[in-house]
Amino acid sequence: MGVTLLGLLSALLAAPASAEILFATSYNDHAVTSLHLNGSALSVVSKSYDCGSEPTWLTLDSSNKVLYCLNEGWGGAASITSYKPSADGILSKLNVLPVLKSPVASTLFGPKNGGLAVAYYDTSSFQTFNVGDAKNLSLLQKETYTLTTPGKVPERQDVPHLHDAVLDPTGSYIVVPDLGSDLLRIYNIDKGTTNVKEGTPVKAIPGSGPRHAAFAVLGKNTYLYTVNELSNTITGYSVGINKSAGHDHGGRKFIKAPAHELEFTRIFDFSTHGPGGSVPAGTKSAEIVVSPDQKFVILSSRGENLLTFPNLDPSNPTPLVSDPIISFAIDEKSGNLKLIQTAPAGGRNPRGFSLNKAGTLVASALQDDNRVVIIERDVKTGLLGKIVASATVGVGANNGPNYALFNE
């Protein structure tokens, strides 16, 4: 299929010099959408259908100018697609590699971003790929996990569900939250290579279901924060290196603990709405991001529908319903968080969002409203402001855009 006629026509007209480029994945139109943000205008430029039936996640290699898209593949074969974005955001397919079903998140690692680590939700797997040549993707290493008994929430923890892959700030470790096993799986990267070895997993609170994670570095301190889907909590850890580690872990393929392992000390665990906060029944926490200046943690929550914001149609006085994006300030010395704001995400089901590098804008993908919005953000205070632009992404009633990413 490839790029639409809209994209080909748009390619003939260069984007305005001030325009920012974004990409968004969507389930219901099976596309990766390229968007231009120019002031208060967010416009669809093109759509690529080369990422398969259920595009769900984007990883940008800005240094090599390659975009990777994961396709969960529930409606067909799952895959990883590599793209070359043009100067105005038009995507050209480089390669498509069939993979296990249900890849949900990925991160680049290794020399020159030559490795891509992928977490698989329903197939309970972790895999790494050689992406040194984006036109010729290939599998490097793989591991599939099992559970001997279901977890505390058996309907969601019957098997391991790996849900994210995050590179640590030193580029030496990959952390993979496993929602089904209540674990943070840790992988050590062999220096100067794209080989990985599994270390000792970190036990999360039973029934919490860690979904996504984000690191923060403040001074000499490193922290990791996880947003937990099943308990609707956020957990904070201080992170160090345990130099005495180095024991074996069951003799699995490529699975031997490294000589030096990450060491995690839990600092706190409380509601996604702050200590003592409550959430409505049916709520599911989603994304977590640390701001570029490392001073704030920002997360999204789905299924609350308790907030409203001004209608995006100026002629319509009826406010729109929204789930929240929740912001916390990080205490540099302790890693503790202070709730500073609960703001509208711009609609319902904010499954994925991202910040631009300056930290001045948030791109929020609203899965149940077929909408991507851009929200202004004060870098100094960490507070979100008004919605400055929006665009329709997706078709039908719901199950639309699930992730939005700045091309930076």
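The values are calculated or read from the model by the stated rules, or taken from the named source; none is laboratory data. Bear in mind the structure is a predicted one, so any value in this text is a computation, not a measurement. Virtual Cβ from ideal backbone geometry, glycine too; neighbours counted across all protein chains shown.
In the stretch 180-199, of all residues being out of contact with any Pro (no Cβ under 7 Å at 6 or more places or on another chain) and buried (at least 20 other Cβ atoms within 10 Å of the Cβ), the one that is nearest to Val166 (Cα to Cα) corresponds to Tyr187. Within the set Thr56, Thr146, Thr128, the sole residue that is surrounded by fewer than 24 Cβ atoms within 10 Å (Cβ to Cβ), among the β-branched types (Val, Ile, Thr), modelled with pLDDT of 95 or more and not assigned by TED's automatic domain parsing to the domain that holds Leu355 turns out to be Thr146. Could you list, in sequence order, the residues of the stretch 89-102 that are under 21 Å from Ser34 (Cα atoms) and buried (at least 20 other Cβ atoms within 10 Å of the Cβ)? Gly89, Ile90, Leu91, listed by residue number.
Taking the stretch 383-406 as the region of interest, how many residues are part of a loop (DSSP other than H, G, I, E, B) and surrounded by fewer than 21 Cβ atoms within 10 Å (Cβ to Cβ)? So that I can check it myself, show each step before the final result.
Filtering the stretch 383-406 down to residues part of a loop (DSSP other than H, G, I, E, B) leaves 383, 393-400.
If we keep only those that are surrounded by fewer than 21 Cβ atoms within 10 Å (Cβ to Cβ) too, we end up with 383, 395-399.
Residues meeting the conditions: 6.
Among the residues of the stretch 291-300, are any over 16 Å from Leu361 (Cα atoms), in contact (Cβ under 8 Å) with a residue 40 or more places away in the chain and of a type in the set (A, V, I, L, M)? Within the stretch 291-300 (the criterion being over 16 Å from Leu361 (Cα atoms), in contact (Cβ under 8 Å) with a residue 40 or more places away in the chain and of a type in the set (A, V, I, L, M)), the answer is no, since none of the residues qualifies.
Identify, from the list Ala391, Ala358, the residue that is touching a Leu at 6+ places or on another chain (Cβ under 8 Å) and either modelled with pLDDT of 95 or more or not assigned by TED's automatic domain parsing to the domain that holds Ala31 (or both).
Ala391
Screening Ser86 against (1) touching an Asp or Glu at 6+ places or on another chain (Cβ under 6 Å); (2) over 22 Å from Ala213 (Cα atoms); (3) at pLDDT 95 or above leaves a single unmet condition, (1). When the stretch 164-177 is limited to residues that are outside any strand (DSSP E or B) and surrounded by fewer than 23 Cβ atoms within 10 Å (Cβ to Cβ), the one that is nearest to the chain's Cα centre (by Cα) turns out to be Asp168. For the stretch 101-113, state whether one or more residues are among the aromatic types (Phe, Trp, Tyr), more than 12 Å from Asp50 (Cα to Cα) and not in a loop (DSSP other than H, G, I, E, B). Looking for residues that are among the aromatic types (Phe, Trp, Tyr), more than 12 Å from Asp50 (Cα to Cα) and not in a loop (DSSP other than H, G, I, E, B), one finds at least one in the stretch 101-113, hence yes. Of the candidates Gly346, Gly335, the single residue that is assigned to a loop (DSSP other than H, G, I, E, B), in contact with a Gly (Cβ under 7 Å, 6 or more places away or on another chain), at pLDDT 95 or above and not acidic (Asp, Glu) is Gly335.
Considering only residues in the stretch 355-368 that are part of a loop (DSSP other than H, G, I, E, B) and touching a residue at least 40 places away in the same chain (Cβ under 8 Å), the one that is nearest to Ser48 (Cα to Cα) turns out to be Gln367. Across the stretch 372-382, the qualifying residues are those that are charged (D, E, K, R) and over 14 Å from Asn38 (Cα atoms), and the one among them that is surrounded by the fewest Cβ atoms within 10 Å (Cβ to Cβ) is Lys380. Do we have any residue at all in the stretch 258-267 that's modelled with pLDDT of 95 or more, surrounded by 18 or more Cβ atoms within 10 Å (Cβ to Cβ) and not assigned by TED's automatic domain parsing to the domain that holds Lys142? Among the residues of the stretch 258-267, not one is modelled with pLDDT of 95 or more, surrounded by 18 or more Cβ atoms within 10 Å (Cβ to Cβ) and not assigned by TED's automatic domain parsing to the domain that holds Lys142, which makes the answer no. For the stretch 290-309, taking the residues that are among the small types (Gly, Ala, Ser) and part of a loop (DSSP other than H, G, I, E, B), the one that is surrounded by the most Cβ atoms within 10 Å (Cβ to Cβ) is identified as Ser291.
Please return the ranges of strands (runs of 3 or more DSSP E) entirely within the stretch 178-231 where 1 or more residues are closer than 18 Å to Gly151 by Cα.
183-189, 210-218, 221-228
Can you confirm whether the stretch 1-24 contains a residue that is polar (S, T, N, Q) and at pLDDT 95 or above? Checking the stretch 1-24: not a single residue is polar (S, T, N, Q) and at pLDDT 95 or above.
Go through the residues of the stretch 195-210 one by one and say whether even a single one is in contact (Cβ under 8 Å) with a residue 40 or more places away in the chain and farther than 23 Å from Tyr225 by Cα. Yes, the stretch 195-210 contains a residue that is in contact (Cβ under 8 Å) with a residue 40 or more places away in the chain and farther than 23 Å from Tyr225 by Cα.
Which members of the stretch 94-132 meet the condition of being aromatic (Phe, Trp, Tyr) and under 14 Å from the mean Cα position of the chain (by Cα)?
Scanning the stretch 94-132 gives Tyr120, Tyr121.
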